[in-house]
Structure formats: C-alpha cells, structure tokens
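Engineer: Following this message is one structure expressed as structure tokens.
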C-alpha cells in the first residue's frame, strides 16, 4: 500500500468516527431531557441555602441574579458573597435584596485566600455561615427559570452527591459573542449526551450539593488544590461513593458582548483544566471537531472519486447543518452569523487545545493563575469547622 492510499484510508477511518460521534451526540442531546427526567424521582423539598458569588458585572447581571428570588420552592435563603467590601455589583446585589424582602437574604464578604480558585475562596465564608445543609451555587450570568431549584432537587436521588446543569448560550452580541455561543452550545451537545448515558461531570455554572457531604469528602481543604473547584467537588464526592448528575433542565447563560481575546482566554483555561483532570480523553477531543473531520474527508475523498476540496467543503457544510438542526429542535438561538461563528469556533477551539499542551498558565477574572499552584496561607477556622451533619440532615 502506497503512502497516499494509506492516508486516504486513515482519513476515512477518522471521518467515519467523527461523523458517528456527531450523529450519536445529536441524538443524545435530543433525548437527554426525557431520559434524565425519568431518573429525577426525589420528591423531598428540604430548605436550601443559595450562594451567589459576585465580582464582575457580567451581561444581564440584574436579570440573572434576580432570578434566584423567583423560585417556586417552599423554603430557601440567598447569600451574596464577594471578596471585596464594596463594589458596583455589590450595590446591585443590595438593590436586589431590598426589592425582595420576602426572601431571607444576606450579603457577605469572604476574606479567604487559601484556594487556588478565586471562586472557591469567595464561597468559603457563606458556605460556613449558611443556615441549611443543602447548598446551591449559581454564577452571575446564569438565569434560573422559576422551577430550576425544584428541578435540581428532583435530581438529588439516593447515591447522588452533586447536581449540575448544562449551560445553553443565549443573547450573544457581536461576532466574538456568537463564536462563544457556538462553543458553549457545541459543548452542551456533548454534555447532554453524557447525561443521557448516565454520566456526570463537575460543571460549576450552578451546583447543588450537601454541605455535610462536602465535609465528609474532606471539606474546603480537599477542594482547594485546583483552579477547577467544580471538578474537585465532583471528584471529592465520587471518592466517598456519591455521583454527579446533570439536571433534566438546562441553564440559560447570557453571553452579551465578548472580544476574541476574552473567549480565547476562557477556552484556554477550560482546555488546560481538562488536560489536568481528564488526561485520558483530552487527546481525543479533535475527534469530535468539524475541522479535523473535514481535513480527514479531504484525504479520504479520492476513495469515492471526489476531489479533496469537495470532501472538505461537504463535511463542513453537513456538520454545520446537523448542529443547526439540533439547535433549532432544542430551541437554542440560531442566527445569520452562525456559519461564521461555526468557522471561528473550530479555529479558536483547536488553537486553545493545542496551546493547552504547552502551558499551565491561564487567565481568569482579570488575573493570571497556574492551574497546579498549591494553596497558600491558612484556611479560616470557620471553614475548617464546617458542620458535619448526619447523612439524613435536612
């Protein structure tokens, strides 16, 4: 077999595997809500402490943070937390608090600087001060539907330690915003399929867990070693036999305006974290990407008597059409910029994946971090003394 023929057959194998994954994950994404809803059998509604870390004024901040006060749930408190003593977003949080006096809410400052993750540091004080064992965290660009909290609790069945959600991008502004939306929703297809198969991973846009379970898994100290606090919580709970599941209802993530640098930095951070925490699957990520599949099709095209250009172009077009159909069926946003955003996503995501092999240095919240840098300083005594309630508490 000559080299050209070998390359054609290798391309055909890659293309076939990529196409199979595309079709499989498309079906999985469509079936996930029905399959996961059948598993969400918990009918108890214990009280919940909702912790909302705040720092930056993300697009839609007021709507997203205000949505926590509209939950159709019998009993919960809201704790806003920030590293700063005062800031414009804390002023907005104070306004939301005053606008919803019927919900018990507090604003706290978290002085902890022990964890690698600044988000985990922000969660430290309210985690220790929360009135209830069940803890629900939410990022400031995530909108909760009125039934979201109840839906999360429905998924907290026996053997589950962490319920998370699949974020779905909406309201992108500008080309970079549309690229990020395509990135997030393409990743959502994979996460929804994992959920359909009964798998779960730490995704920190919104998380429901029990403080007592977290304490049994080692508490704050055991989660402080990595920038990926969501993954650390999931892995820590798995170590004591508790699973992570995705809720049957997705999350709405407001995108707004972004710069290309913003989304590249964010994709690089996530890529480095995945390389660190899922080393077995990270090298295989290009298999589920359209651009490598199109290159493989270009090599395989002569086997069907087609030119390399035709194989390349048909693959990209078919992939875009498939993703657009899934988005339309799921009710996700589709726009005239989708073809350009699709191309931008492929280039940016592969660039971030390649760069992630050569660096541990990432950007987050206007600062630079090393994913593997150990925690410094002393954990606050209040955090180390997290209540260790019995497994049946609340």
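Engineer: Just give me the residues in the range 280-299 being under 19 Å from residue 355 (Cβ atoms), more than 18 Å from the chain's Cα centre (by Cα) and not in a helix (DSSP H, G or I), in sequence order.
Structural biologist: The answer is 289, and nothing else.
Engineer: Scan 21, 108 and give me the residue that is touching a residue at least 40 places away in the same chain (Cβ under 8 Å) and either buried (at least 17 other Cβ atoms within 10 Å of the Cβ) or in contact with a strand residue (DSSP E or B) (Cβ under 7 Å, 6 or more places away or on another chain) (or both). Don't jump to the end; show me each part of the working.
Structural biologist: Working: 108 fails: touching a residue at least 40 places away in the same chain (Cβ under 8 Å).
Being touching a residue at least 40 places away in the same chain (Cβ under 8 Å) and either buried (at least 17 other Cβ atoms within 10 Å of the Cβ) or in contact with a strand residue (DSSP E or B) (Cβ under 7 Å, 6 or more places away or on another chain) (or both) holds for just one of 21, 108, which is 21.
Engineer: In the range 67-91, how many residues are modelled with pLDDT under 90 and either out of contact with any helix residue (DSSP H, G or I) (no Cβ under 6 Å at 6 or more places or on another chain) or surrounded by fewer than 17 Cβ atoms within 10 Å (Cβ to Cβ) (or both)?
Structural biologist: 8
Engineer: Here's something else I'd like to know. So which of 55, 97 ends up being assigned to a loop (DSSP other than H, G, I, E, B), in the same structural domain as residue 172 (by TED's automatic domain parsing) and closer than 28 Å to residue 131 by Cβ? It would help to see each step written out before you state the result.
Structural biologist: Details: 97 fails: assigned to a loop (DSSP other than H, G, I, E, B).
Step by step, each of 55, 97 is checked, and only 55 is assigned to a loop (DSSP other than H, G, I, E, B), in the same structural domain as residue 172 (by TED's automatic domain parsing) and closer than 28 Å to residue 131 by Cβ.
Rundown of residues vs (1) assigned to a helix (DSSP H, G or I); (2) crowded, with 19+ Cβ neighbours inside 10 Å; (3) modelled with pLDDT of 95 or more, yes/no style:
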{"position": "145", "(1), (2), (3)": "no, no, yes"}
{"position": "153", "(1), (2), (3)": "yes, yes, yes"}
{"position": "161", "(1), (2), (3)": "no, yes, yes"}
{"position": "175", "(1), (2), (3)": "yes, no, no"}
{"position": "193", "(1), (2), (3)": "yes, yes, yes"}
{"position": "200", "(1), (2), (3)": "no, yes, no"}
{"position": "208", "(1), (2), (3)": "no, yes, yes"}
{"position": "221", "(1), (2), (3)": "yes, no, no"}
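Engineer: To continue, here is another question. crowded, with 20+ Cβ neighbours inside 10 Å and either assigned to a loop (DSSP other than H, G, I, E, B) or modelled with pLDDT of 90 or more (or both): is that true of residue 252 in this structure? Spell out the reasoning first.
Structural biologist: Numbers: crowded, with 20+ Cβ neighbours inside 10 Å: yes; either assigned to a loop (DSSP other than H, G, I, E, B) or modelled with pLDDT of 90 or more (or both): yes.
The answer is yes for residue 252.
Engineer: Oh, and also: Look through the range 330-345, keep the residues that are more than 14 Å from residue 186 (Cα to Cα) and in contact with a helix residue (DSSP H, G or I) (Cβ under 7 Å, 6 or more places away or on another chain), and return whichever of them is surrounded by the most Cβ atoms within 10 Å (Cβ to Cβ).
Structural biologist: Looking at residues that are more than 14 Å from residue 186 (Cα to Cα) and in contact with a helix residue (DSSP H, G or I) (Cβ under 7 Å, 6 or more places away or on another chain), I get 337.
Engineer: Could you please find all residues in the range 346-361 being closer than 22 Å to residue 255 by Cβ and surrounded by 14 or more Cβ atoms within 10 Å (Cβ to Cβ)? Steps first, answer last, please.
Structural biologist: At the first step, the residues of the range 346-361 found to be closer than 22 Å to residue 255 by Cβ are 346-353.
346, 348, 349, 350, 351, 352, 353 - these are the residues of the range 346-361 that are closer than 22 Å to residue 255 by Cβ and surrounded by 14 or more Cβ atoms within 10 Å (Cβ to Cβ).
Engineer: Moving on. Taking residue 169 as meeting all but one of (1) within 18 Å of the chain's Cα centre (by Cα); (2) closer than 23 Å to residue 40 by Cα; (3) modelled with pLDDT of 95 or more, write down the number of the exception.
Structural biologist: With (1) within 18 Å of the chain's Cα centre (by Cα); (2) closer than 23 Å to residue 40 by Cα; (3) modelled with pLDDT of 95 or more applied to residue 169, the lone miss is (2).
The values are calculated or read from the model by the stated rules, or taken from the named source; none is laboratory data. Note that the structure is a prediction, hence the values are computed from the model and not measured. Ideal geometry is used to build each Cβ from the backbone, glycine not excepted, and the neighbour counts take in all protein chains shown.
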